[in-house]
Structures are given as structure tokens and as C-alpha cells.
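Contents: one structure, followed by commentary.
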Amino acid sequence: MNQEKKDDFIFGLRPVLEALEAGKTIDKIFVQNALQGEIYIELKQLLAKHNLRPNYVPVEKLNRFTRKNHQGVVAFISDVPFYKIEDVLPQLFEEGKTPFILILDRLTDVRNFGAICRTAECVGVDAILIPEKGGAPINSDAIKTSAGAIYNIKICKEKNLAHSVDFLQQSGIKVFSATEKAHKLIYDADFTEPCAIVMGNEETGISKEVLHHSDEKIKLPIEGKTQSLNVSVACGAILYEAVRQKITNK
């Protein structure tokens with residue numbers, strides 16, 4: 001069953017085109033395979049101009065979003081603006097900040113995402129990086145779960161998270177990946193310098209590519225029989241350890 005709310009999406013070639021021209025933020029856009037026509041060509045050009053990559057899908061998937069005449073196009077909109085880390089990071093350095101970045105690798109649960117954004121904003125995370133594809137939609141549920149915190153933190157949508165990790169490292173940011181496969185506990189990591197923390201997908205964890213590019217792998221201690229924590233709980237524990245270190249090292 002589709003989890004999106006009706007007020008989060010628009011459909012039809014002309015409405016989507018007009019939304020883009022009006023400056024609406026498109027979270028995700030789905031286009032029917034092999035769609036053609038003059039208006040679609042115009043829409044495709046506008047998507048390219050805005051660096052938006054559509055998800056090409058069979059018509060059956062579009063029909064699950066709406067039974068109305070979608071004309072082969074459904075777009076999910078967000079009133080949350082998106083940024084690029086290449087623009088955000090220099091600004092942080094110019095402001096004299098010690099960058100504190102969070103990377104969410106393909107988190108799919110909207111409520112987990114919203115809860116993490118709430119915690120991240122509370123602890124002073126400067127930006128959250130998410131992938132263009134494969135992540136949770138930034139919809140009204142995410143905003144509600146975050147208690148509005150999403151509006152107060154920069155969300156960076158990135159085409160390739162591994163490349164973003166490389167950019168961060170080249171800019172002097174140390175990248176920590178949270179994984180149960182790690183040997184180092186979070187308490188043995190140094191979060192006082194410019195750093196980024198990567199949290200992975202609820203089921204499969206961090207992708208191999210991003211994990212390979214990270215500087216260090218860290219984990220939380222697990223003493224009970226249940227061998228894993230909810231990702232938003234785990235993320236909160238790690239972020240607050242980072243904050244503890246930053247405060248005690250001032």
C-alpha cells in the first residue's frame with residue numbers, strides 16, 4: 001500500500017511542469033516507461049535544468065499512486081528546500097564552525113528519518129546528506145515526526161553518497177560509519193574534530209561502497225540478546241556521544 005499522503009503529490013504533465021516553473025521542490029518524480037509527446041519533452045528539459053532524475057516505472061506503479069488520469073507522470077513535492085554539500089561546507093568553514101555532518105544511507109522509513117532529523121537538529125548537526133534515490137520521502141509524515149526540525153537543518157540530496165564522502169574527506173572531514181561489523185566502540189572514536197557520521201539502511205546497513213570509503217567503523221556496545229537497535233535510537237546514542245565529547249573538550 002502506498003504510504004504517501006494525497007496532499008504530498010501532484011500528477012499530470014502540465015501540473016508537474018507548472019509546479020517546477022513555480023519553484024516547487026520536487027522530492028521524487030515517477031515517469032511511465034517510454035513516455036513520449038511534446039509536453040513531456042518540455043518537462044524532461046526542465047527536469048534536466050533542475051538536475052532532477054526521474055524514476056522510470058511501469059504504468060502499474062503510477063496507478064497505485066492514483067487512479068486518476070496521471071498522463072504518465074507523478075511527482076512528490078516537499079516544502080523542505082534541498083541543498084548540496086559542496087555549497088554548505090565552505091559556508092560552515094567561513095562561519096568558523098567545526099562541521100558536524102550526518103549521512104543517512106538509504107533509510108527508507110519515514111518516521112525513522114523524521115525522528116533522526118529531530119535529534120540531529122537538537123544536537124547541532126549542521127547538515128544531513130541523503131541519496132537522490134532509495135531514501136525515505138521528505139513528506140508531511142517526516143516533517144510531523146521531526147516536530148518541524150527538518151525546517152531548521154540543511155538537507156543535502158546527493159547523487160552519489162560515496163562521492164560525497166570523498167568530497168568531505170578531501171575537505172578535512174573524518175567520516176565514521178556505524179556498523180555492527182566494527183571493532184571500535186563509539187566511546188573510543190574522536191568526534192571533536194570536523195566529522196561526519198554515517199547511518200545505514202534499516203535492513204541492510206551501510207552500502208559496501210560507502211563503507212569502503214569511510215575512515216573508521218564504529219559500533220555501540222550490545223549486551224543483551226537482541227543484537228541490533230532501531231536506527232533512530234542508535235543514531236541518537238552516537239550523536240549524543242559526539243556532543244558529550246565536544247562539550248567536555250571545549
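None of the figures in this text is laboratory data; all of them are computed from the coordinates on show. Please read these numbers as outputs of a predicted model, since none were measured by experiment. Here Cβ is always computed from backbone atoms with ideal geometry, including for glycine, and neighbour counts include all displayed protein chains.
Using the Cα gyration tensor of the stretch 82-249, with a ≥ b ≥ c the square roots of its eigenvalues, what is the shape: rounded (a/c below 1.5), prolate (a/b larger than b/c) or oblate (neither)?
Here the stretch 82-249 falls in the rounded category.
Using a cut-off of 27 Å between alpha-carbon atoms, which lysines can reach LYS61, once sequence neighbours fewer than 8 places away in the same chain are excluded?
Within reach: LYS5, LYS6, LYS24, LYS28, LYS44, LYS49, LYS133, LYS144, LYS157, LYS159.
Does the stretch 170-250 come out rounded, prolate or oblate, given a ≥ b ≥ c as the square roots of the eigenvalues of its C-alpha gyration tensor, rounded meaning a/c under 1.5 and, failing that, prolate meaning a/b above b/c?
oblate
For the chain, what is the mean residue ellipticity at 222 nm derived from helices alone (per DSSP H run of n ≥ 4: -39500 (n - 2.57); sum divided by total residues; nearest 500 deg cm²/dmol)?
That comes out to -11000 deg cm²/dmol.
Listed highest first by mean packing, meaning other Cβ atoms within 10 Å per residue, what order do 100-111, 154-165 come in?
Ranked from most to least packed, the peptides come out as 100-111, 154-165.
Could you order peptides 38-44, 170-176, 127-133 by the average number of other Cβ atoms within 10 Å of their residues, highest first?
Highest to lowest by the protection proxy: 127-133, 170-176, 38-44.
Have a look at the DSSP beta bridges in the chain and tell me what percent are antiparallel, nearest 5.
Bridges in the chain that DSSP calls antiparallel: roughly 25 percent.
When a/c reaches 1.5 or more, the comparison of a/b and b/c decides; with that in mind, is the stretch 1-75 rounded, prolate or oblate per its Cα gyration tensor?
Oblate.
Taking only the alpha carbons of the stretch 70-158, what extent do you get along each of the three principal axes, in Å, biggest first?
Principal extents (largest minus smallest coordinate, Cα): 49, 24, 21 Å.
Let me check I've understood the local charge: for GLY124, count other residues with C-beta under 14 angstrom from its C-beta, Lys and Arg +1, Asp and Glu -1. What total comes out?
On the way: positive: LYS97, ARG118, LYS154, ARG244, LYS246, LYS250; negative: GLU95, GLU121, ASP126, GLU241.
So the environment of GLY124 carries a net charge of +2.
What are the lysines whose alpha-carbon lies under 18 Å from the alpha-carbon of LYS181, with same-chain residues fewer than 8 places away excluded?
Filter leaves LYS208, LYS217, LYS219, LYS225.
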